[in-house]
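Presented below is the structure to which this report refers.
The values are calculated or read from the model by the stated rules, or taken from the named source; none is laboratory data. Computed from a predicted model, the values in this text were never measured in an experiment. With ideal geometry, Cβ positions are generated from the backbone for all residues, glycine too; neighbour counts draw on all protein chains shown.
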């Protein structure tokens, strides 16, 4: 790996060195390093590009890193990764994609991730997207996440895209069985002429299942964002979705949440707010000696933290 | 008018007798009574079915009643009514439609209402929909409301559908100029196998325009409701939309609000909640001596008041 690849790896996976636990590092379209452990097996998908991650029932406090980095301009790839998480496991999965594009051709990574989460398992899933490079070629990422949560399982999903992704279309679909719980925290910033679409479809199928989908975003410059989230309550269940967005300069933001109650015991709530940074907040920080630009940066970084 | 027609008139317009001010009463497809006043002129539309209501600039504290009643089973009609409200006027407009269907054929009234509201004018617009009759024929109402609000004008719209409408598809569109304000309160109850769709599209085009769209609904039995509301903030403006729904028995409810900020000074907020009547509320009223059914009725009527 060269310096650019190491920087990407640091940005998307927080990795300065080879991680503990299982990992698979994909660089410019190929698996370049991989390690399985006694409880976590990583194998190639037999039929298409991508990997399968098999986590044994009862695996506790282990982690899997599967970062993807691309530094070759013009590379376009679709990768299918499937996660099989055994009953009662408790694991952390760090995915993420970093694209450095120094050329004129578009670089694109579409990662299709499927999660099959066993009964009573607990998964923390972190996904970071990052772009860099001075080339005029676009950096494009279209992640798809499909989640099947078995009874009493829990998934906590944290998705972050702070900088450098020119175009993204995110699709997230989840089905929850009885007692299952899904918590999503999405943080997104767009700048320049970037476009970002984010779409959630959550089906609360099992009794006492619950979902909490929170999106926080900042749209700067000429960028454009669309947030759509659909929660269906199909039985006794509870769902909450929230979208808070800060709009700046000439950006445009749409928020389209959708709640569907198909059962009398479905309790569903939604909130959304779009607005600019409050003037009082800026003035307060400026009286403490910050410039207006510094005050804005501080507010934004607090909002996206 | 017979007893059924008089009852419909009472339900939709609160009229026990001929109203004060200007009015036009439409019954079974025809204008049966009409009165213009010195400031308010009602004339037939030259080209299609319906009327034009011309209100002189500066008209103060006057009212117009334009109820529609249908008691003949199988009648289907589309009626176009245009309201021209002069600058600085301050008027109340009571519309509404009552259908009594004692037969097997569907009765349908589609009222397309356009409002051209002059500068600084103030309009209170009340629209009630009501159905009755034991026939198996459906009672269908599809109201369309198109609103143009000139500078600094204000429209307050109250729309109520409490009982007896089998199918309704409501479309409301509004364009607001600088300083204009729109306040909408929708109250809706569906029962049996009724279907109700309600759709708002509000364009905040002028500086300091504002909109507040509130929907409260109760869905009972096997009924189905869809609430959609879209507020676009195209300049410095503020918009709020709220949808609270009570679900009962085997009903289904969807709420799809949409906020679009096309300008950095657009401040937009949305809230939605769908759920059943809280158990504690029921228990509290039942300890006061009400049956469960009575307690439910009391909570619903308070919620829709």
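Within the set B:284, B:305, the sole residue that is farther than 30 Å from residue A:276 by Cα, at pLDDT below 90, away from chain A (no Cβ under 14 Å) and over 27 Å from the mean Cα position of the chain (by Cα) turns out to be B:284. Just one of the numbered conditions (1) surrounded by fewer than 21 Cβ atoms within 10 Å (Cβ to Cβ); (2) out of contact with any helix residue (DSSP H, G or I) (no Cβ under 8 Å at 6 or more places or on another chain) is not true of residue A:89: (1). Filtering the stretch B:67-92 to residues that are assigned to a loop (DSSP other than H, G, I, E, B) and either over 18 Å from residue B:127 (Cα atoms) or at pLDDT 95 or above (or both) leaves B:71, B:72, B:73, B:74, B:75, B:86, B:87, B:88, B:89. In the stretch A:54-64, the count of residues that are buried (at least 16 other Cβ atoms within 10 Å of the Cβ) and within 18 Å of the chain's Cα centre (by Cα) is one or more. Considering the stretch A:259-293, the residues that are free of Cβ contacts under 8 Å to residues at least 12 places away in the same chain and surrounded by 13 or more Cβ atoms within 10 Å (Cβ to Cβ) include one that is nearest to residue B:270 (Cα to Cα), namely A:264.
Being in contact with a helix residue (DSSP H, G or I) (Cβ under 6 Å, 6 or more places away or on another chain) and more than 10 Å from chain B (Cβ to nearest Cβ) is the requirement here; does residue A:184 meet it? It would help to see each step written out before you state the result.
Numbers: in contact with a helix residue (DSSP H, G or I) (Cβ under 6 Å, 6 or more places away or on another chain): no; more than 10 Å from chain B (Cβ to nearest Cβ): yes.
Judged against the criteria, residue A:184 is not a match.
When residues in the stretch B:174-200 are screened for being in contact with a strand residue (DSSP E or B) (Cβ under 6 Å, 6 or more places away or on another chain) and within 15 Å of residue B:252 (Cβ to Cβ), 7 of them pass. Does the stretch B:225-245 contain at least one residue that is part of a strand (DSSP E or B), more than 8 Å from chain A (Cβ to nearest Cβ), over 20 Å from residue B:199 (Cβ atoms) and out of contact with any helix residue (DSSP H, G or I) (no Cβ under 8 Å at 6 or more places or on another chain)? Scanning the stretch B:225-245 turns up at least one residue that is part of a strand (DSSP E or B), more than 8 Å from chain A (Cβ to nearest Cβ), over 20 Å from residue B:199 (Cβ atoms) and out of contact with any helix residue (DSSP H, G or I) (no Cβ under 8 Å at 6 or more places or on another chain).
Residue A:137 fulfils the conditions (1) surrounded by fewer than 24 Cβ atoms within 10 Å (Cβ to Cβ); (2) assigned to a strand (DSSP E or B); (3) in contact (Cβ under 8 Å) with a residue 60 or more places away in the chain except for a single criterion, (2).
Among the listed residues A:101, A:142, A:120, which satisfies the condition of being over 12 Å from the mean Cα position of the chain (by Cα) and closer than 23 Å to residue A:25 by Cα? Even if it seems obvious, please write down each step before you answer.
Numbers: A:142 fails: over 12 Å from the mean Cα position of the chain (by Cα); A:120 fails: closer than 23 Å to residue A:25 by Cα.
Only one candidate qualifies: A:101.
Selection of first residues in the stretch A:23-43 that are farther than 21 Å from residue A:62 by Cα and of second residues that are modelled with pLDDT under 95 and surrounded by fewer than 20 Cβ atoms within 10 Å (Cβ to Cβ), restricted to Cβ pairs under 8 Å at least 6 apart or on distinct chains, gives the following pairs, ordered by first then second residue: A:27/A:1; A:27/A:5; A:28/A:72; A:28/A:75; A:29/A:72; A:29/A:75; A:29/A:77; A:32/A:1.
Just so you know, in the stretch B:46-66 the residues that are in contact (Cβ under 8 Å) with a residue 12 or more places away in the chain and not in a strand (DSSP E or B) include one that is farthest from residue B:112 (Cα to Cα), and it is B:58.
Would you check if there is a residue in the stretch B:271-290 being in a loop (DSSP other than H, G, I, E, B), farther than 28 Å from residue B:155 by Cα and in contact with a strand residue (DSSP E or B) (Cβ under 9 Å, 6 or more places away or on another chain)? Steps first, answer last, please.
Step one: list which residues in the stretch B:271-290 are in a loop (DSSP other than H, G, I, E, B), which gives B:276-278, B:288-290.
Next, only the ones that are farther than 28 Å from residue B:155 by Cα stay: B:276-278, B:288-290.
With the extra rule that they be in contact with a strand residue (DSSP E or B) (Cβ under 9 Å, 6 or more places away or on another chain), the set shrinks to B:276-277.
Yes, the stretch B:271-290 contains a residue that is in a loop (DSSP other than H, G, I, E, B), farther than 28 Å from residue B:155 by Cα and in contact with a strand residue (DSSP E or B) (Cβ under 9 Å, 6 or more places away or on another chain).
Just one of the numbered conditions (1) in a loop (DSSP other than H, G, I, E, B); (2) buried (at least 21 other Cβ atoms within 10 Å of the Cβ) is not true of residue A:213: (1). Test of understanding: among A:4, A:43, A:32, which residue is in contact with a strand residue (DSSP E or B) (Cβ under 7 Å, 6 or more places away or on another chain), outside any loop (DSSP other than H, G, I, E, B), modelled with pLDDT under 90 and surrounded by fewer than 19 Cβ atoms within 10 Å (Cβ to Cβ)? Result: A:4 is the single residue among A:4, A:43, A:32 that is in contact with a strand residue (DSSP E or B) (Cβ under 7 Å, 6 or more places away or on another chain), outside any loop (DSSP other than H, G, I, E, B), modelled with pLDDT under 90 and surrounded by fewer than 19 Cβ atoms within 10 Å (Cβ to Cβ).
Please find, among B:256, B:264, the residue that is assigned to a loop (DSSP other than H, G, I, E, B), more than 25 Å from residue B:154 (Cβ to Cβ) and within 10 Å of chain A (Cβ to nearest Cβ).
On the way: B:256 fails: assigned to a loop (DSSP other than H, G, I, E, B).
After applying the criteria, what remains is B:264.
Residue B:200 meets each of the listed conditions (1) buried (at least 17 other Cβ atoms within 10 Å of the Cβ); (2) modelled with pLDDT under 95; (3) over 24 Å from residue A:214 (Cβ atoms) apart from (2). Report yes if residue A:205 is without any contact (Cβ under 8 Å) to a residue 60 or more places away in the chain and more than 14 Å from chain B (Cβ to nearest Cβ), otherwise no. The answer is yes for residue A:205. Give the stretch B:191-210 a look and list any residue that's in a loop (DSSP other than H, G, I, E, B) and under 18 Å from residue B:143 (Cβ atoms), or say none. Answer for the stretch B:191-210, where residues must be in a loop (DSSP other than H, G, I, E, B) and under 18 Å from residue B:143 (Cβ atoms): just B:194.
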